[in-house]
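Take a look at the structure set out below.
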Amino acid sequence: MDIALPCEGGRSTRYALVGQPVQPEIGARFSRIAYAAAHVVADPHEMTDPWSRPVVDWDRTMAFRHHLWRLGFRIAEAMDTSQRGMGFDWANAKELIRRSIAEARTVPGADLASGAGTDHLAPASARTLHDVIAAYEEQFAFIEGQGGKAIMMASRALAELAKGPDDYASVYGRILSQASGKVILHWLGDMFDPALKGYWGSTDFETALDTVVAIIERHANKVEGIKISLLDAGKEVALRNRLPDGVVMFTGDDFNYPELIAGDGNRHSHALLGIFDAIAPVANAALARLAAGDQAGYDALIEPTVPLSRKIFEAPTEYYKAGIVFMAWLNGHQDHFTMVGGMQSARGIRHYAEIFRLADQAGLLADPELAISRMNSLCAVAGV
C-alpha cells in the first residue's frame, strides 16, 4: 500500500507503508503507574460558534476513555490535552469530569484523576492571591464532590500575580492542606503555555526546583506525586532525586519518556503523558514487556514512537493537541477531524503528512486502509 504525501515546494511523493500494526496485550499488568491524558471529541454537526461555544460529542468522548481503560491506562481527565485554556472552558470541563467519574464506576479497575485549575478566572480579573485560592477551591470542591482525585494544574492567574516563591508556597500550602485526599501536582513549562513563564517565582530552574521541593516536603502527606513537563530529562531526574519517600515522579516529558520510565537502576518515573493518548496500543505492549523484565522488548516497541511524539510536540508545542486528535481520527476513534476552537488548523498539511509516516513506522496505524483513505481526504482539502 502506498499514498501520495506532500513534501517541500508544493510537490508530492509516493510513500509506501512499511509498518505492521502492533497488537496490545489486553489484561496486561504494568510495573509503572500510567496515566494517559485524554482528549475530547468535538461535535462538528452542532457547533455553530466553535471558537467560543464548543460542543462535545459525549458518546465518542466516553468511548475513547473506555478504549484507554481497556488497554490498562489510568486517565488524566480535563487536562491541557482537552484544550483547557484553549477553547475548552470550565463549564465543559465540569461536565467532562462528572461524566468520566461516573463512567469509571462502571468499569472494573478503572481509575482517573481530574485537572483542577483556575482557568475560569481570567488572569486580568484576579486582583489578589485570595482570588486565585478561591478559584482553585471551587474546582477542587467540584472534583472532590464528585468523588474524584485532583491534579493541581498550573495557574496563569497565579503566574501573573505572584511576586516570588513565597506566594506560590502560600497558595499551594492552602490548597494542599485542605484537600480531602492526596493530590498530584503539575509543573507545566512555558513551551506548553507561554503564560506560565517564571512559574514557581523564578526563571532559574534551580531556584524553582528548590521552591517545588520545599512545598512537597512541607505537605508530603498530601502529595501523591508530581508531573513535570519541561521536555528536559535532566531536569526531571534532578527533581526525581530530591522527592521525599512516598512521593512519586510522573514524567510529562513527551520527548524522553522511554528512558525516564525505564529508569536508571535506582529510580524511575511513572507516567502522565499526553502522547499516551495517541500511542496507547504500543505503549500498552511496551509497558507489559517492561513489567515482565524484558527491557529489550520494551525498547524495541517504545523507541519507534519517540520520533512521532517529537513531531506531534514540536514548537509551538501548545498546538500538540492537533496531532493527538489527528491520530484518533486516522485510527477510527472519531469520524471527523474537527477540534474545539477549530484547532486542527494550527498545523499544516506537511506536519500531518509526517505524523502519518511516523505513525506507520511505529506500528500505530491500526487499519492502514482506513488511515490511507482519511489521509487522502485531508490532502484533497489541502489541495494536494
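A short reminder: the numbers here are calculations on the coordinates, not readings from a lab. Keep in mind that what you see is a predicted model, and the values were worked out from it rather than measured. Please note: Cβ atoms are built from the backbone with ideal geometry, for glycine as well, and neighbour counts cover all protein chains shown.
Miscellaneous remarks
- Cα-based radius of gyration for region 80-189, normalised by 2.2 N^0.38 Å, reads 1.07.
- Relative contact order, percent, region 1-131 [alpha-carbon distance under 8 Å, six or more residues apart]: 21
- Normalised by the number of residues in the chain, the mean separation of alpha-carbon contacts (under 8 Å, six or more apart) gives a relative contact order of 21 percent.
- Cα gyration tensor, region 66-117 - rounded (a/c under 1.5), prolate or oblate: prolate
- With the convex hull of the Cα atoms taken as the outline of region 39-98, the averaged projected area works out to 4.0 nm².
- Volume per residue of the convex hull around the Cα atoms, evaluated for region 1-152, comes out as 197 Å³.
- The chain - Rg and Dmax from Cα coordinates, angstrom: 20.3, 60
- Rounded if a/c under 1.5, otherwise prolate or oblate - region 239-384, Cα gyration tensor axes: prolate
- Using the Karplus relation 6.51 cos²θ - 1.76 cosθ + 1.60 with θ = phi - 60°, the per-residue 3J(HN,Hα) values for region 29-43 come to 9, 9, 9, 10, 6, 10, 8, 9, 6, 9, 8, 9, 9, 6, 10 Hz, with x marking Gly and Pro.
- Summed over qualifying helices (DSSP H, 4 residues or more, each -39500 (n - 2.57)) and divided by its residue number, the chain shows a 222 nm mean residue ellipticity of -13000 deg cm²/dmol.
- Extension gain, Ala124 to Ala28: 0.36 nm times the residue separation minus the Cα-Cα distance gives 29.8 nm.
- For region 312-384, convex hull volume per residue from C-alpha positions, Å³: 83
- Each of the peptides 304-313, 203-212 was scored by the mean count of other Cβ atoms within 10 Å over its residues; in descending order, highest first, they stand as 304-313, 203-212.
- Relative contact order, percent, region 94-199 [alpha-carbon distance under 8 Å, six or more residues apart]: 28
- For the residue pairs Lys149/Lys311; Lys182/Lys235; Lys227/Lys321; Lys182/Lys321, alpha carbon separations beyond 22 Å are given by Lys149/Lys311; Lys182/Lys235; Lys182/Lys321.
- Linear extension gain, Met1 paired with Glu137, 0.36 nm per residue minus alpha-carbon span: 43.6 nm
- Listed peptides 321-332, 342-353 by packing density, highest first (mean Cβ within 10 Å): 321-332, 342-353
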